[in-house]
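Data block below; observations after.
Readers should treat all values here as calculations from the given coordinates under stated rules, not as data from a laboratory. All values reported here derive from a predicted model rather than from experimental measurement. Reconstructed Cβ throughout: ideal geometry from the backbone, glycine too, with neighbour counts over all protein chains shown.
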Amino acid sequence: MYHHVDQSWRDRPRFMSDETVKAFARNLADYVMSAKIDEVTVLLHGGEPLLAGEQRIIQFCNTIRQTLESQATTVEFAMQTNGVLLTPRWMEVLNEFNVTFGVSLDGNRTANDRHRVDHAGGSSYEEVERALQMLQASPHGHLFRGFLSVIDLDNDPLATYRYLAQWKPPRLDFLFPEGTHDRPPPGIKGGGDVTRQPTPYADWLIPIFDEWFNNPGETGMRLFENLIDVLLGGRSQTDGTGDGSFNLVTIETDGAIEDVDLYKAAYVGAPSLGLPSQPPPNVFSTSFAELTSWPNVIERHRLNMIEGLCRTCTQCPAVQACGGGFVPHRWSLANGFSNPSVYCADLYKLSAHVNHKLGMALKPLLEIDQVKPLVQTKYASG
């Protein structure tokens, strides 16, 4: 969020005030009651959430838990951290509130130090590796849910995957770098006919998929598992594949209610859920129940679904698999979000490859049972 087009973080406080936390908790409790929700997830994100300090984290979780304790609702806390500040004491604090967490790590020392350095430009690798070793010995190691890794085309894909897999993470997720047609990611030109661009990200991911698919049980892979789910007729569990929905909001440190921070890559004000004619939504003044009927929220929900895609996408044979990709990756100043993803060609090639491998794996079973194949999606060659 610190390097995207939208720089609104500069005008906001570093931390949430106690009043903002309480307003959020009351708002959430009211919504849980009115919508009869059985379970909610509160994600601690950043920047680096552990920079808030032990007391702020404890007070935050206590406030949420106590405010919702009268509701018949399960509250799950989760967090994303770079791992540098993790210590045995932090593990005790997180365990007290059952805060599960993922670690952001892009690979080995070389991969990590391309982008994840401290403010002085020094390597953070040794601190992260120390934290991972501590996790393996911790009695609270079950809180660790896996890695989030941003794809860097300069890193060797299989070396990156094997390095991360050696830590035996429960889950591993490779993320596309943030980009739009106007500000394309590395390796992609942007603009024009994106369906016929080179496919550097698919080419990077396919060797990893093949090794993972041929050696089941090593670690969960969210992107690959979601593609398999939708290709077999199921439903994706996250945005970016399959038919999605609008089910996550960001509460900024000043209490503003916004869309996910991925939108900050599109244009200034892109995360906003308000209209120019009305004040932006805030936990102090806008109930979550009220927000669900706001035009921008309804439109964002539509954009996450197949019906919200442009004509090129809706006519594509791979649309049920990729779902058009993440909404912010479709942005251009010329057409708004009515474009294929800037990763269109990569998503198409990756989906086609997964579909082929899945079909080949199921073929013997289907021939024996003499039933119709489950995987019938047809992709054009090329």
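Rounded to the nearest 20 Debye, what is the dipole magnitude of region 52-154 about its Cα centre when Lys and Arg each give +1 and Asp and Glu each give -1 at the C-beta?
On the way: 8 positive and 13 negative charges, 32 e Å.
Result for region 52-154 is approximately 160 debye, rounded to the nearest 20.
Report the full-extension gain for the segment residue 19 to residue 85: residue separation times 0.36 nm, less the Cα-Cα distance, to one decimal in nm.
Extra length available between residue 19 and residue 85 comes to 21.1 nm.
Taking 0.36 nm per intervening residue step and subtracting the Cα-Cα distance, what contour gain separates residue 30 from residue 11 on full extension? If you can, show how the numbers build up before the last one.
Working: separation 19, 0.36 × 19 = 6.84 nm, distance 2.88 nm.
Net length gain for the segment: 4.0 nm.
Placing unit charges on C-beta atoms (Lys and Arg positive, Asp and Glu negative, everything else neutral), compute the dipole magnitude of the chain about its Cα centre in debye, rounded to 20. Intermediate results must be reported in sequence, preceding the final value.
Working: 32 positive and 45 negative charges, 127 e Å.
For the chain, the charge dipole is close to 600 debye.
Quick check: from the Cα gyration tensor, does region 206-304 come out rounded (a/c under 1.5), prolate or oblate? Walk me through the numbers on the way to the answer.
Numbers: a/c = 2.94, a/b = 2.47, b/c = 1.19.
The shape class here is prolate.
Would you mind telling me the antiparallel percentage of the DSSP bridges in the chain, rounded to 5?
20 percent
Considering only 100, 180, 41, give the residue with the highest GNM mean-square fluctuation for the chain, with springs between Cα atoms whenever their separation is below 10 Å.
It is 41.
Place a label point 7 angstrom from the Cα of residue 45 along the Cα-to-Cβ direction, then list the residues of region 261-291 whose backbone nitrogen is under 14 Å away.
Only 261-266, 270-273 fall inside the zone, counting backbone N under 14 Å.
Given points 7 Å out from each Cα along the Cα-Cβ axis, report the residue 156 to residue 214 separation in nanometres with one decimal.
1.7 nm
Any idea what % of Cα-Cα pairs in the chain are farther than 39 Å? Show your work: numbers first, answer last.
Details: 13258 of 72771 pairs.
Here the long-distance tail beyond 39 Å is 18 percent of all Cα pairs in the chain.
Most exposed first by the Cβ proxy, i.e. fewest other Cβ within 10 Å, how do 90, 9 rank? Walk me through the numbers before you get to the answer.
Working: 90 20, 9 16.
By the 10 Å Cβ count, ascending, the order reads 9, 90.
Excluding residues on the same chain fewer than 8 positions from residue 168, give the aspartates and glutamates whose Cα lies under 12 Å from its Cα.
Within the straight-line limit of under 12 Å, residue 168 reaches these aspartates and glutamates: 218.
Using the Cα centre of region 207-304 as origin and beta-carbon charges of +1 (Lys, Arg) and -1 (Asp, Glu), tell me which of 298, 208, 260 is placed farthest towards the positive end of the dipole.
Farthest towards the positive pole: 298.
From the helices alone, meaning DSSP H stretches of at least four residues, give me the mean residue ellipticity at 222 nm for the chain, per-run term -39500 (n - 2.57), in deg cm²/dmol to the nearest 500. Show your work: numbers first, answer last.
Numbers: 13 runs with 143 residues, N = 382.
Computed ellipticity for the chain at 222 nm equals -11500 deg cm²/dmol.
Given H placed on each backbone N at 1.01 Å, which residues far from residue 4 in sequence or on other chains put an amide H within less than 5 Å of it?
Result for residue 4 returns nothing.
How far, in nm, would the chain grow between residue 315 and residue 289 when pulled straight, counting 0.36 nm per residue and subtracting the alpha carbon separation? Each step should come with its number before you reach the end.
Numbers: separation 26, 0.36 × 26 = 9.36 nm, distance 3.49 nm.
Extending this stretch completely gives an extra 5.9 nm.
Along the Cα→Cβ direction, 7 angstrom out, place labels at residue 275 and residue 140. What is the inter-label distance in nm?
About 4.6 nm, to one decimal.
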